[in-house]
Amino acid sequence: MSTKNFPPLNEQMDAIRRGTIDLINEEELAKKISKGRPLVAKLGADPSSPDLHLGHAVVLGKLRTFQDLGHEAHLIVGDFTAMIGDPSGRSKTRPMLTVEETRQNGKTYIEQVSKVLSNDRLVVHYNNDWLGRLTFPDVIKLAGSYTVSQMLEREDFHKRFNEEQPISLHEFLYPLAQAMDSVEIRSDIELGGTDQKFNLLVGRELQRHFDQEPQCILTMPLLEGTDGVRKMSKSYGNSINFNDSADEMFGKTMSIPDSAIYKYFLLATKVKDIAEIKSVLESGEENPRNIKVRLAQEIIRQFYDPSAADNALQRFEQMFVKKETPDDIEVLLLPIGSECVVVDLMVETKMAATKSEARRLIQGGGVSLNGEKVSNERATLIPTSAGVVLKVGKRRYLKVKSA
RNA sequence: GGGCAGGUACUCAAGCGGUCAACGAGGGCAGACUGUAAAUCUGCUGACGAAGUCUACAAAGGUUCGAAUCCUUUCCUGCCCA
């Protein structure tokens, strides 16, 4: 077992180092690798938001690298810690979840993770298994291993403290709980986003505290969301999700600002010629749109088969460049001779949340019937056998046919 | 336990007795433009309606012709003192 063949040390180090922000520290890691046994590479999964997105793919991809090098990927589903809610980078206390909710989320999490990780050398843990067993005296002892000012070293806590924002006591426990995970699985290296640096370092401390060899830590840059500014997050509504359709992935990728293109290539794809892409972008000799098209396709290829990427491009061209009506619109059948008010129809079919919103859309010129702008809020629609195409905004279509 | 400062729409943040469905910014949506669902510019952003009406400014009461604005109590947050 331990005689397993690993790639040469420097090759491993290069692969591990690529794209990282912090790697603490390299000598320690080299030493661990040199022992010739598979490393325990740890990644914590936060099941409080069950939908994975491209931001997660950055660090998951790195974990995959460890698998490919012959090491073990240990995924810790934080079903216990999700009850606390990681305060990292937050300016507010997060809502706490119940165990049931987090278990459920954990399941869907694993399904999605398998799109990036290999099933070989993958170990999945649920940290409620050990953290849930701690007694109150255990917790007090644990809390005693760290001080308030150590906690306040962390930037986000520090900031909230200075800005007189609330910090709940349990939030201090989060880094310690995560650190306990490292102790429990005897982690050799823990991966995370840069926002996790503090938590990862606490793991190191705590392992020392328990007389274990401290883990190395590796952080990856955070990927900005499609707005190009805030970090990608479901709750900001700027994420490209694992479960998005190829078309959605395409469209969302096209909506990132041009300035974010390079970073997306670097972190969200595995393309080799990133240096070239960078120089092309900087020279401005190519319309950024075209580079973005390639990016979108590269991203889609990681989740769907290659033809999906081409199809998505085609549909995008049709819909937005040529402004044609797509051919596969949802059809709504209504009885012959029925006449319905457009505003009501929009609400019923969820094309608008409320009647007021529907009216606003009409006033703003965002609604059309068979290509003709609707100008009257009280416009009605009579379904025909050929179908009337109702368009709301740029990409919401509905065909209304008489039954 | 005492003192002080706060709680306003998705977020931040004005308003401090009528002209407030509530300035401004961000976000979101839409329109124009464009070889981009980039950038830029413009409009909209409580609900229902024809005008207009109703529900909203932590919660509950109260003062007033009239309250987000004043008073009382309650809940929540921060700071200082103990």
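None of the figures in this text is laboratory data; all of them are computed from the coordinates on show. Quick caveat, the model's predicted, so the values are computed rather than measured. Please note: Cβ atoms are built from the backbone with ideal geometry, for glycine as well, and neighbour counts cover all protein chains shown.
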Review point. From the backbone phi of segment A:166-179, what are the Karplus-calculated ³J(HN,Hα) couplings (6.51 cos²θ - 1.76 cosθ + 1.60, θ = phi - 60°) in whole Hz, Gly and Pro given as x?
Key: x, 10, 7, 4, 5, 5, 5, 6, 4, x, 5, 4, 5, 5
Point to revise | For chain A, built as a Gaussian network whose Cα springs stay under 10 Å, the top-fluctuating residue of A:Ala308, A:Ala57, A:Ala82 | key: A:Ala308
Exercise for review: State the three equivalent ellipsoid semi-axes of chain A, derived from the C-alpha gyration tensor as the square roots of 5 times its eigenvalues, in descending order and whole Å.
Suggested key: 46, 27, 19
Revision key, fill the gap. Excluding residues fewer than 8 positions from A:Lys107 in its own chain, the lysines with Cα under 22 Å of it are A:Lys42, A:Lys62, A:Lys115, A:Lys234
Point to revise | At q = 0.13, 0.17 Å⁻¹, base-10 log of I(q)/I(0) for segment A:275-331 (Debye sum, equal scatterers on each alpha carbon) | key: -0.44, -0.68
Review point. So if R0 is 41 Å, what FRET efficiency would A:Asn162 and A:Asp129 give, r being the distance between their Cβ atoms, rounded to the nearest 0.05?
Key: 0.65
Exercise for review: Return a whole-number percent for the relative contact order of segment A:331-402, with Cα pairs under 8 Å and 6 or more residues apart as the contact set.
Suggested key: 39 percent
Study note, to complete from the structure: With N residues in segment A:181-280, Rg(alpha-carbon) / (2.2 N^0.38 Å) equals 1.39
**Study point:** Virtual spin-label span in nm between A:Ile140 and A:Ser385, 7 Å along Cα→Cβ
**Key:** 8.3 nm
**Study point:** Distant-in-sequence amide H partners of A:Gly193 (H built 1.01 Å from N, under 5 Å)
**Key:** A:Met220
Check your understanding: Along the positive direction of the dipole of chain A (beta-carbon charges: Lys, Arg +1; Asp, Glu -1; about the Cα centre), which of A:Met180, A:Leu361, A:Ile217 reaches farthest?
Key -> A:Leu361
**Study point:** Convex hull volume per residue for segment A:331-402, taking Cα atoms only, in Å³
**Key:** 73 Å³
Practice item. Could you work out which residue, out of A:Met13, A:Met83, A:Met254, moves most in a Gaussian network model of chain A, that is, has the largest mean-square fluctuation with Cα springs under 10 Å? Key: A:Met13
Check your understanding: Which of A:Val202, A:Phe66, A:Ser168 sits farthest toward the positive end of the charge dipole of segment A:3-220, with +1 on the Cβ of Lys and Arg and -1 on the Cβ of Asp and Glu?
Key -> A:Phe66
Study note, to complete from the structure: Rounded to the nearest 5, the percent of DSSP beta bridges in chain A running antiparallel is 40 percent
Exercise for review: Would you mind listing how long segment A:262-357 runs along its three principal axes, going by Cα atoms, in whole Å with the largest first?
Suggested key: 61, 30, 24
Check your understanding: So what does the Cα-only Debye profile of segment A:3-220 read at q = 0.16 Å⁻¹, as log10 I(q)/I(0), no solvent term?
Key -> -1.12
Study note, to complete from the structure: chain A: relative contact order from alpha carbon pairs under 8 Å, six or more residues apart, as a whole percent, is 14 percent
Revision key, fill the gap. For A:Leu191, the net charge from surrounding residues (Cβ-Cβ under 10 Å; K, R +1; D, E -1) works out to +1
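If you take every DSSP beta bridge whose two residues both sit in segment A:3-220, what share of them, in percent to the nearest 5, is antiparallel?
15 percent
Of all trypsin sites (Lys or Arg not before Pro) in segment A:319-361, which ones are in loop regions per DSSP and have a Cβ with at most 16 other Cβ atoms within 10 Å?
Passing sites in segment A:319-361 are A:Lys322, A:Lys323, A:Lys350.
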Exercise for review: Let me have the relative contact order for segment A:3-220, percent, based on Cα pairs under 8 Å that are six or more residues apart.
Suggested key: 27 percent
Check your understanding: Relative to the Cα centre, what is the charge dipole magnitude of chain A, using +1 at the beta carbon of each Lys and Arg, -1 at the beta carbon of each Asp and Glu, and rounding to the nearest 20 debye?
Key -> 560 debye
